[in-house]
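The values are calculated or read from the model by the stated rules, or taken from the named source; none is laboratory data. What you see is a predicted model; the values in this text were computed from it and never measured. As a convention, Cβ positions derive from the backbone with ideal geometry for all residues, glycine included, and neighbour counts pool all protein chains shown.
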Amino acid sequence: MFLLFLWNISKLDLVKPHFSKNILGDVGSLFKSKEFLAFEVVILMNGMSTGMIWFYLIWFLTAIGGSEFLCGLSLTVQTLLGVLPFMFFSGWIIKKVGQFQILSSCLLMYVIRFLWYSYLYNPWLVLPVEFLHGITYGLYYTVLASYGKMSSKPGTEAMTQSVIFSTHEGLGAGLGCVLAGIGFDYIGGHQTFFFASMLSAFGLVLSVLMYFLIIRRKEGTMQVTPPSNSKQCIAFESGIPQPTIHSLIKDSS
């Protein structure tokens, strides 16, 4: 396996990184963009839902009588029937649907999953809904990586992605764990997941409003520029940029 890993690395088309001389200023300028802030809000809401499932789903299944085999099988369904196919077709899906729309769709999937868990008493019935993990993880993480590339200024790609993933796995998942822990202690797993579905529904409504008020109005304003000093810009709509392209979002006025 290790040799296969090294062989795959040797086949990668590596590009010499370009670093910004004012990385803090360039990354900080992203927070002046309404589009970027809208993405951050939706990423935060998704992160809260992710944290609840990461750390409390298996606990919940065990509490309602699920065996260790079932817990492992649920993760298998998540991976084989969910994550793998959605990651494989993620590029095509992103181009057809759009990045922000996929993030909103992930919130809808969390509404469905949490509602399902809130009425779940037979642990085996968790399996039919676990393929949705392919959207909320496989497709979602691809969007985060591609958007981090597209929204960053040249030389700030890694820092921008660290901001995005910190919002998701740090602040978002952390808040989700705290809220779920309080809920499990005071109202139990079923009620906690029910209120989690309401929280995700609120995030979904908020994301739809931001789409029409911010994202849709700014569609077509995104440009990508090559890392060289060329002054030519190429219009770019939605989708995953090529590995040799650096992208830039115009700051909203």
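Would a scan of region 46-61 turn up a residue that is modelled with pLDDT under 95 and outside any helix (DSSP H, G or I)? No, every residue in region 46-61 fails to be modelled with pLDDT under 95 and outside any helix (DSSP H, G or I).
The residues on offer are 185, 251, and the sole one that is of a type in the set (Asp, Glu) and modelled with pLDDT of 95 or more is 185. The listed residues are 68, 35, and the only one of them that is among the charged types (D, E, K, R) and surrounded by fewer than 18 Cβ atoms within 10 Å (Cβ to Cβ) turns out to be 68.
Just to be sure, is residue 111 closer than 20 Å to residue 206 by Cα and in contact with a helix residue (DSSP H, G or I) (Cβ under 6 Å, 6 or more places away or on another chain)?
On the way: closer than 20 Å to residue 206 by Cα: yes; in contact with a helix residue (DSSP H, G or I) (Cβ under 6 Å, 6 or more places away or on another chain): yes.
Yes: the conditions hold for residue 111.
Check 238, 200 and return the single one that is of a type in the set (Gly, Ala, Ser) and at pLDDT below 50.
Details: 200 fails: at pLDDT below 50.
Selected residue: 238, the only one of 238, 200 that is of a type in the set (Gly, Ala, Ser) and at pLDDT below 50.
Under 8 Å between Cβ atoms, which residue pairs at least 6 apart in sequence (or on different chains) link something in region 43-69 that is more than 17 Å from residue 163 (Cβ to Cβ) and touching a residue at least 60 places away in the same chain (Cβ under 8 Å) with a partner that is basic (Lys, Arg) and buried (at least 23 other Cβ atoms within 10 Å of the Cβ)? Sorted first by the residue in region 43-69, then by its partner, the pairs are 53/113.
Pick out the one residue from 163, 208 that is at pLDDT 95 or above and part of a helix (DSSP H, G or I).
Values: 163 fails: at pLDDT 95 or above.
Exactly one of 163, 208 is at pLDDT 95 or above and part of a helix (DSSP H, G or I), namely 208.
For the condition assigned to a helix (DSSP H, G or I), at pLDDT 85 or above and either more than 23 Å from residue 212 (Cα to Cα) or touching a Ser or Thr at 6+ places or on another chain (Cβ under 9 Å) (or both), what is the one hit in 27, 41? Just a single option satisfies the conditions, and that option is 41.
Yes/no per residue for (1) more than 16 Å from the chain's Cα centre (by Cα); (2) hydrophobic (A, V, I, L, M, F, W, C); (3) closer than 25 Å to residue 150 by Cα:
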{"site": "69", "(1), (2), (3)": "yes, yes, no"}
{"site": "82", "(1), (2), (3)": "no, no, no"}
{"site": "89", "(1), (2), (3)": "no, yes, yes"}
{"site": "99", "(1), (2), (3)": "no, no, yes"}
{"site": "107", "(1), (2), (3)": "no, yes, yes"}
{"site": "112", "(1), (2), (3)": "yes, yes, no"}
{"site": "115", "(1), (2), (3)": "yes, yes, no"}
{"site": "120", "(1), (2), (3)": "yes, yes, no"}
